[in-house]
Amino acid sequence: MTVVKNFLWNMGYQVFVLILPIITIPYVSRVLGPTGIGINAYTNSIVQYFILFGSLGLTMYGNRETAYQRDNPQKISNLFWELSFLKITTTSIAVVIYIVFIILSGEYAFFYLLQGLLLIASAIDVSWFFQGLEEFKITVVRNTFVKVVSLILIFTLVRSANDLWIYILILSGSQLIGNLTLFSYLPRYVHKPVWNKINLFKHARPTMVMFVPQIATQIYLQLNKTMLGAFVGVRAAGFYDNADKIVKIVLAIVTATGTVLLPHVAHSFAKGDRKAISSSLNSSMHFILVIAFPMTTGLIAIAPVFTDVFFGAKFQPVSVLLMIESLIIILVGISNAIGTQYLLPTNQMRPFTVSVVLGAVTNIILNIPMIFLWGAIGAMSATVIAEATVSAFQLIFVKKQLSLKKAFTETWKYLTAATIMGIYIYTYNSFIPIGNIAKVISSVLLGIIIYSIVLLLLRPRELLGMIMRLRQKQKK
């Protein structure tokens with residue numbers, strides 16, 4: 001039941017995260033315009049490299065190691081202090097380098113300085129510790145509070161394009177304050193450090209091992225915006241960023257199981273329970289696919305109308321980018337299940353690292369010609385191909401370890417139901433003469449109904465069996 005409760009907490013938060021940008025992004029896009037959104041996207045992509053360097057691989061490593069050792073209070077307390085001191089040390093080095101970069105950069109220096117608060121926030125972020133303990137309620141409540149405060153401040157203080165600095169300050173400052181709030185919960189789990197038992201260096205190698213795939217991942221998450229801003233212009237980076245935000249919001253729901261199941265599977269692996277690992281992965285894959293397919297086809301179907309309603313006429317290029325990037329909802333869903341929920345918690349870092357490095361290399365190779373030829377569309381297409389490469393490699397690697405046939409046995413049913421739904425919604429949007437806002441709302445409602453009906457007619461046995469098992473556990 002712990003996994004179910006954690007999933008519900010995490011899913012509830014992801015739904016909240018889904019709703020919040022629906023409120024803020026249309027307002028901010030219209031107030032700041034493509035240039036303001038582009039400057040924020042570009043400068044933020046730069047600071048993320050320094051955050052990555054400062055964090056090394058400590059977030060995922062800390063999550064996993066906490067899950068391994070959570071049954072031993074003394075070990076878990078030592079682990080917390082060792083990783084916290086290590087992270088503060090590495091982030092301090094990153095801050096010094098970042099300050100030098102700001103001095104040398106010239107353009108956008110003030111915005112870089114404001115984005116730098118995210119670097120400090122990263123240094124004191126201990127959410128990895130609570131996730132490893134499977135205390136998701138704590139992090140969810142904290143994140144919700146921070147985002148509500150940010151929402152109020154954005155609508156109160158951001159009034160024109162000249163308020164871009166205020167917008168960046170709100171986003172970065174709220175993250176810093178939010179991370180500070182977690183410290184009040186630490187005394188329940190962490191004792192004062194025993195200095196003669198603290199050993200930072202034993203974590204250096206394993207964190208570096210996890211650092212490599214994070215570098216690779218960050219390359220094809222941030223490099224597109226960096227290259228677009230540098231070679232095409234910040235407006236193109238803004239178009240890319242807005243499309244990416246919407247897809248990432250949807251993707252957060254699809255991959256919600258990953259955050260919950262990583263520590264759970266890691267704990268099962270530490271106990272040698274292979275059956276529990278396999279069962280968790282199969283259930284997760286079915287859940288991911290059953291929502292990933294309709295979200296992909298649904299987003300493709302409503303992209304033109306949605307862009308006009310959500311961002312405004314100035315952001316019309318975003319619609320094509322949305323249609324292209326929506327494909328990664330399925331691809332990342334699969335790689336999240338295989339990579340985050342299986343390879344990482346079972347300590348198979350080498351194949352996980354190879355997969356994301358392969359994706360990053362693919363992205364870099366394709367980015368250069370495709371961005372120069374097609375701009376943001378080229379960058380987005382390169383991203384999709386890179387994600388497909390990651391998923392394909394991981395599937396090929398684990399096919400001898402896992403029964404993938406069971407995990408994908410009813411995929412055709414999810415695809416069929418989603419395709420029928422997508423075609424219907426696209427036709428509906430093309431020919432029904434009603435307002436765009438009404439089209440978006442009615443399309444979502446109709447899509448849910450159509451997909452559910454077709455899926456029930458196809459009767460996916462694995463999914464229905466999983467639902468029945470969850471009900472039985474709840475009754476117990």
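Scanning region 103-112 for residues that are outside any loop (DSSP other than H, G, I, E, B) and either aromatic (Phe, Trp, Tyr) or modelled with pLDDT of 95 or more (or both) turns up 110, 111, 112.
Going by what's in this entry, would residue 98 be described as out of contact with any Gly (no Cβ under 7 Å at 6 or more places or on another chain) and not in a loop (DSSP other than H, G, I, E, B)?
On the way: out of contact with any Gly (no Cβ under 7 Å at 6 or more places or on another chain): no; not in a loop (DSSP other than H, G, I, E, B): yes.
Taking the combined requirement at face value, the residue does not satisfy it.
Is it the case, given these coordinates, that residue 230 is modelled with pLDDT under 90, among the small types (Gly, Ala, Ser), at negative phi and surrounded by fewer than 21 Cβ atoms within 10 Å (Cβ to Cβ)? Lay out the reasoning, then the answer.
On the way: modelled with pLDDT under 90: yes; among the small types (Gly, Ala, Ser): yes; at negative phi: yes; surrounded by fewer than 21 Cβ atoms within 10 Å (Cβ to Cβ): yes.
Yes: the conditions hold for residue 230.
Filtering region 422-469 to residues that are among the hydrophobic types (A, V, I, L, M, F, W, C) and modelled with pLDDT under 85 leaves 463, 464, 466, 467, 468. Scanning region 394-415 for residues that are of a type in the set (A, V, I, L, M, F, W, C), touching a residue at least 40 places away in the same chain (Cβ under 8 Å) and outside any loop (DSSP other than H, G, I, E, B) yields 395, 397, 398, 407, 408, 415.
For the criterion of being surrounded by fewer than 21 Cβ atoms within 10 Å (Cβ to Cβ), touching a residue at least 12 places away in the same chain (Cβ under 8 Å), under 28 Å from residue 360 (Cβ atoms) and touching a helix residue (DSSP H, G or I) at 6+ places or on another chain (Cβ under 7 Å), residue 391 fails.
Quick one: is residue 407 at pLDDT 90 or above and buried (at least 18 other Cβ atoms within 10 Å of the Cβ)?
Values: at pLDDT 90 or above: no; buried (at least 18 other Cβ atoms within 10 Å of the Cβ): yes.
For residue 407, the condition - at pLDDT 90 or above and buried (at least 18 other Cβ atoms within 10 Å of the Cβ) - is not met.
Cβ separations smaller than 8 Å between residues 6+ apart or across chains give the following pairs from region 31-42 residues that are in a helix (DSSP H, G or I) to residues that are basic (Lys, Arg): 31/159; 33/314; 34/235; 34/314; 35/235; 38/235; 41/225; 42/225.
On the basis of being without any contact (Cβ under 8 Å) to a residue 40 or more places away in the chain and either in a loop (DSSP other than H, G, I, E, B) or hydrophobic (A, V, I, L, M, F, W, C) (or both), does residue 46 make the cut? So residue 46 does not fit the description; no.
Does region 412-441 hold any residues that are among the hydroxyl-bearing types (Ser, Thr, Tyr) and surrounded by fewer than 17 Cβ atoms within 10 Å (Cβ to Cβ), and which are they?
Going residue by residue through region 412-441, those that are among the hydroxyl-bearing types (Ser, Thr, Tyr) are 414, 416, 419, 424, 426-428, 430.
Selection gives 416, 419, 427, 430.
Remark: pairs (first residue in region 416-443, closer than 18 Å to residue 307 by Cα; second residue surrounded by 12 or more Cβ atoms within 10 Å (Cβ to Cβ) and of a type in the set (Asp, Glu); Cβ separation under 6 Å; 6+ apart in sequence or on different chains) = 436/308.
Within the bounds of region 131-140, is there any residue that is free of Cβ contacts under 8 Å to residues at least 24 places away in the same chain and touching a helix residue (DSSP H, G or I) at 6+ places or on another chain (Cβ under 6 Å)? No. Within region 332-355, residues that are among the hydrophobic types (A, V, I, L, M, F, W, C) sit with their Cβ atoms under 6 Å from residues that are at pLDDT 90 or above and buried (at least 21 other Cβ atoms within 10 Å of the Cβ), at 6+ positions apart or across chains, in these pairs: 332/387; 334/391; 338/394. Residues being outside any loop (DSSP other than H, G, I, E, B), closer than 18 Å to residue 248 by Cβ and more than 21 Å from the chain's Cα centre (by Cα) are represented in region 320-337 by at least one member. Filtered by the rule that a residue be of a type in the set (Val, Ile, Thr) and either touching a residue at least 60 places away in the same chain (Cβ under 8 Å) or over 20 Å from residue 41 (Cα atoms) (or both), region 154-193 gives 154, 156, 158, 168, 177, 181, 190.
The values are calculated or read from the model by the stated rules, or taken from the named source; none is laboratory data. Every value quoted in this text rests on a predicted model; they were computed, and no experiment measured them. FYI the Cβ positions are ideal-geometry reconstructions off the backbone, even for glycines, and counts take in every protein chain you see.
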